[in-house]
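Participant: Let me begin by handing over the structure; questions about it come next.
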Amino acid sequence: MLLVRGGTVITADSSQPADVLCGDDGAILAVGSGLERPTGAQVLDAGGLLVMPGGIDPHTHMEMPFMGEVASDDFFTGTAAGLAGGTTSIIDFVIPEQGGSLIDAWRAWRSKAEKAAADYGFHVAVTHWDERVSEEMGELVRDHGVSSFKHFMAYKGALMVDDGVLMRSLARAFELGALCNIHAENGEAVAWLQADLLAHGLTGPASHAASRPPLVEGEAAQRVIAIAGVHGAPVYIVHVSTEDATRAIAEARARGQRVYGEVLAQHLVIDDSVYKTDDWLSSARHVMSPPFRPRHHLDALWAGLASGTLQTTATDHCCFCEGAKRKGENDFTKIPNGTPGIEDRMSVLWDHGVRTGRLTPQEFVAVTSTNTARIFNMHPRKGLIAVGADADLVLWDPEGSRTISAATHHQNVDYNVFEGMTVTGLARHTITRGVLAWSDGDLRAVRGAGRYVERPCGNADMMASTLRAAARDPLVVA
Ligand code: DUC
Ligand code: ZN
Ligand code: ZN
Ligand code: ZN
């Protein structure tokens, strides 16, 4: 047993001085002031620290095969790095083979993830449509604890789905009580712009951003919101990076649509100046989709997060080292897309969010943990400090500072997009299911200690019939 004593417990709803007793079964046994130390329990002094639910990163790609490479952080190194930064759970993406079985892919990802040091769940990507996909979605929801599916509106010729697949998949997910995640970029427009830029000899990484302008994201966001609206289905848009998409979500929500938005720590603090350099490698290291944006979009993203238009923060953690990035030396479309972030998300959000007054500490908990747990059916087991919840805690030092660098980070990748940034607010200790996994700079992550988190849907039938009735007859919800 582990008794966390003398801290201030902060959840999305409350803030109070309290001790937290973590049981040997990995659940929280008691929360309250002046808790007795049970015989044999280890005591961790949380004086001066904030005790918060461990972070949940709802968007990672550990050891993902992508663009001819495999992401360099695997489920062990990536989740271990997350623990060093206060993140105790991830939801990663299962990507089936082209035309392949969703269940086979889910099994393959389960097996890769057995080495994880922290808990994990899966979204499963739908990249084509046929009867088997429809049946397997049902099996994943019923038998395998998968309650969210992913769709790429970009990556033409690879992962991209058209509006027909979106219509069918959103309808099927809705019927099952599951939630669809959408990568919203118009893949046809991107493919055309890429070809045009290459034809003009513009082969460098700056063309990556030029081929994916904000309009391309805004259009796709609006289109999928319309498709979801036809069904009355909820929809979750991943890595919102523009004012355009943020506005589309805000307007849909104002109309009463259940549209959720996620923003990446990277997009909140880094702008498109990273592509305006003669340093090819530095620029290529920032190639991710969506790309980094002009400054005013960052302000819109912060406003979206503060106002509740965007509910979650993630990283799209997807690491490629120099050798992989160099595959695109003569053609920006061959630079594997992705940036690291899992280790630094919480500190970046605290420093740029809480310390600037954009977020309260409770809102910080909501956007780094609780909202994700609620939206993705992990609550109240995750995202909450209460008796019976998993003892996933971060003991946060709001005044501790560190300078982010690839030289000291734990991510298995040779650069850091936040290199040189000094952040105040850091994970002093991280506890995963009652076990201290990070303590004062000592990473004690255990290979294989992470568990698969089943995320069952709630009452799917009741939800679907209520929402569908509302979509068909607006008067029903008046
Ligand atoms: N974007 C990235 O940058 N990497 C992984 C997949 C994605 O959509
Ligand atoms: Zn099965
Ligand atoms: Zn994406
Ligand atoms: Zn992604």
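The values are calculated or read from the model by the stated rules, or taken from the named source; none is laboratory data. Computed from a prediction, not measured in an experiment: that's the story for all the values here. Ideal geometry is used to build each Cβ from the backbone, glycine not excepted, and the neighbour counts take in all protein chains shown.
Participant: Given the options Ile182, Ile91, Ile95, Ile103, name the one that is out of contact with any Ser or Thr (no Cβ under 6 Å at 6 or more places or on another chain), within 18 Å of Ala233 (Cβ to Cβ) and not polar (S, T, N, Q). Before the answer, list the steps.
Facilitator: Working: Ile91 fails: within 18 Å of Ala233 (Cβ to Cβ); Ile95 fails: within 18 Å of Ala233 (Cβ to Cβ); Ile103 fails: within 18 Å of Ala233 (Cβ to Cβ).
Only one candidate passes the filter, namely Ile182.
Participant: Filter the stretch 369-397 down to residues that are within 20 Å of Gly85 (Cβ to Cβ) and in contact with a helix residue (DSSP H, G or I) (Cβ under 6 Å, 6 or more places away or on another chain) and give me whichever is surrounded by the fewest Cβ atoms within 10 Å (Cβ to Cβ).
Facilitator: It comes out as Lys382.
Participant: Separate question: Take Ile95 and tell me if it is within 25 Å of Val348 (Cβ to Cβ), within 16 Å of ligand 4 (Cβ to nearest atom) and among the aliphatic types (A, V, I, L, M).
Facilitator: Details: within 25 Å of Val348 (Cβ to Cβ): no; within 16 Å of ligand 4 (Cβ to nearest atom): yes; among the aliphatic types (A, V, I, L, M): yes.
It is false that Ile95 is within 25 Å of Val348 (Cβ to Cβ), within 16 Å of ligand 4 (Cβ to nearest atom) and among the aliphatic types (A, V, I, L, M).
Participant: Taking Leu264 and the conditions (1) crowded, with 23+ Cβ neighbours inside 10 Å; (2) farther than 24 Å from Met421 by Cβ; (3) in contact with an Asp or Glu (Cβ under 8 Å, 6 or more places away or on another chain), which numbered condition does it fall short on, given that it satisfies the others?
Facilitator: Here Leu264 meets the rest and fails (2).
Participant: Would you mention how many residues in the stretch 180-232 are in contact (Cβ under 8 Å) with a residue 40 or more places away in the chain and within 16 Å of ligand 4 (Cβ to nearest atom)?
Facilitator: 11
Participant: Condition first: surrounded by fewer than 21 Cβ atoms within 10 Å (Cβ to Cβ) and closer than 14 Å to Arg326 by Cα. Now tell me which residues in the stretch 268-290 satisfy that.
Facilitator: Asp279, Trp280, Leu281, Ser282
Participant: While we're looking at this one, here's another question. Quick check on my filter: what residues within the stretch 27-69 are farther than 29 Å from Arg5 by Cα and surrounded by 15 or more Cβ atoms within 10 Å (Cβ to Cβ)?
Facilitator: Pass one, the stretch 27-69, residues farther than 29 Å from Arg5 by Cα: 58-69.
Matches in the stretch 27-69: Pro58, His59, Thr60, His61, Met62, Glu63, Met64, Phe66, Met67, Glu69.
Participant: How many residues, within the stretch 67-92, are within 15 Å of ligand 4 (Cβ to nearest atom) and under 15 Å from the mean Cα position of the chain (by Cα)?
Facilitator: 4
Participant: Check off (1) over 24 Å from Thr277 (Cβ atoms); (2) out of contact with any Phe, Trp or Tyr (no Cβ under 9 Å at 6 or more places or on another chain); (3) part of a helix (DSSP H, G or I) for Lys156 and give me the number that stays unchecked.
Facilitator: (3)
Participant: Which fully enclosed helices (runs of 4 or more DSSP H) of the stretch 247-360 have 3 or more residues being of a type in the set (Gly, Ala, Ser)?
Facilitator: Values: elements: 265-269, 280-285, 295-307, 322-325, 345-349.
Those helices (runs of 4 or more DSSP H) span 280-285, 295-307.
Participant: How many of the residues making up the stretch 321-338 are within 15 Å of ligand 3 (Cβ to nearest atom) and either of a type in the set (Asp, Glu) or under 18 Å from the mean Cα position of the chain (by Cα) (or both)?
Facilitator: 2
Participant: Return yes or no: is Gly100 surrounded by fewer than 24 Cβ atoms within 10 Å (Cβ to Cβ) and farther than 15 Å from Asp316 by Cα? Walk me through it before giving the result.
Facilitator: Values: surrounded by fewer than 24 Cβ atoms within 10 Å (Cβ to Cβ): yes; farther than 15 Å from Asp316 by Cα: yes.
Yes, satisfied.
Participant: Evaluate the following for Ala406: is it under 30 Å from Pro17 (Cβ atoms), modelled with pLDDT of 95 or more and in a loop (DSSP other than H, G, I, E, B)?
Facilitator: Numbers: under 30 Å from Pro17 (Cβ atoms): no; modelled with pLDDT of 95 or more: yes; in a loop (DSSP other than H, G, I, E, B): yes.
No: the conditions fail for Ala406.
Participant: Being within 20 Å of the chain's Cα centre (by Cα) and touching a residue at least 24 places away in the same chain (Cβ under 8 Å) is the requirement here; does Met167 meet it?
Facilitator: Numbers: within 20 Å of the chain's Cα centre (by Cα): no; touching a residue at least 24 places away in the same chain (Cβ under 8 Å): yes.
For Met167, the condition - within 20 Å of the chain's Cα centre (by Cα) and touching a residue at least 24 places away in the same chain (Cβ under 8 Å) - is not met.
Participant: Does Ala245 meet the test of being surrounded by fewer than 24 Cβ atoms within 10 Å (Cβ to Cβ), of a type in the set (A, V, I, L, M), more than 26 Å from Leu202 (Cα to Cα) and in contact (Cβ under 8 Å) with a residue 12 or more places away in the chain? First the steps, then the outcome.
Facilitator: Numbers: surrounded by fewer than 24 Cβ atoms within 10 Å (Cβ to Cβ): no; of a type in the set (A, V, I, L, M): yes; more than 26 Å from Leu202 (Cα to Cα): yes; in contact (Cβ under 8 Å) with a residue 12 or more places away in the chain: yes.
Against the criterion (surrounded by fewer than 24 Cβ atoms within 10 Å (Cβ to Cβ), of a type in the set (A, V, I, L, M), more than 26 Å from Leu202 (Cα to Cα) and in contact (Cβ under 8 Å) with a residue 12 or more places away in the chain), Ala245 does not qualify.
Participant: So, of the residues in the stretch 269-291 that are within 16 Å of ligand 3 (Cβ to nearest atom) and aliphatic (A, V, I, L, M), which turns out to be farthest from the chain's Cα centre (by Cα)?
Facilitator: Kept after step one, since they are within 16 Å of ligand 3 (Cβ to nearest atom), are these residues of the stretch 269-291: 286-291.
Remaining after also requiring aliphatic (A, V, I, L, M): 287-288.
Working: Val287: 18, Met288: 15 Å.
So the residue we want is Val287.
Participant: Within the stretch 18-94, considering only strands (runs of 3 or more DSSP E) that don't extend past its boundaries, which have at least 2 residues that are within 23 Å of Ala158 (Cβ to Cβ)?
Facilitator: Values: elements: 28-32, 42-45, 50-53, 55-60, 87-94.
Fully inside the stretch 18-94 and qualifying: 55-60, 87-94.
Participant: If you don't mind, there's one more thing I want to ask. Among Arg433, Arg447, which is the only one that is touching a residue at least 60 places away in the same chain (Cβ under 8 Å) and either within 19 Å of the chain's Cα centre (by Cα) or crowded, with 16+ Cβ neighbours inside 10 Å (or both)? Even if it seems obvious, please write down each step before you answer.
Facilitator: Numbers: Arg447 fails: either within 19 Å of the chain's Cα centre (by Cα) or crowded, with 16+ Cβ neighbours inside 10 Å (or both).
Answer to the check: Arg433.
Participant: Got a sec? Which of Leu159, Leu102 is within 16 Å of ligand 2 (Cβ to nearest atom) and within 27 Å of Ala221 (Cβ to Cβ)? Give the derivation first.
Facilitator: Working: Leu159 fails: within 16 Å of ligand 2 (Cβ to nearest atom).
Criteria check complete, one pass: Leu102.
Participant: Now a separate question. Any residue in the stretch 124-145 that's touching a residue at least 24 places away in the same chain (Cβ under 8 Å): show its pairings with residues that are of a type in the set (Lys, Arg) and away from ligand 2 (no atom under 12 Å from the Cβ) at Cβ separation under 6 Å, as long as the two are six or more apart or on different chains.
Facilitator: Close Cβ pairs satisfying both conditions: Ala125/Lys150; Trp129/Arg168; Ser134/Arg172; Met137/Arg172; Gly145/Arg455.
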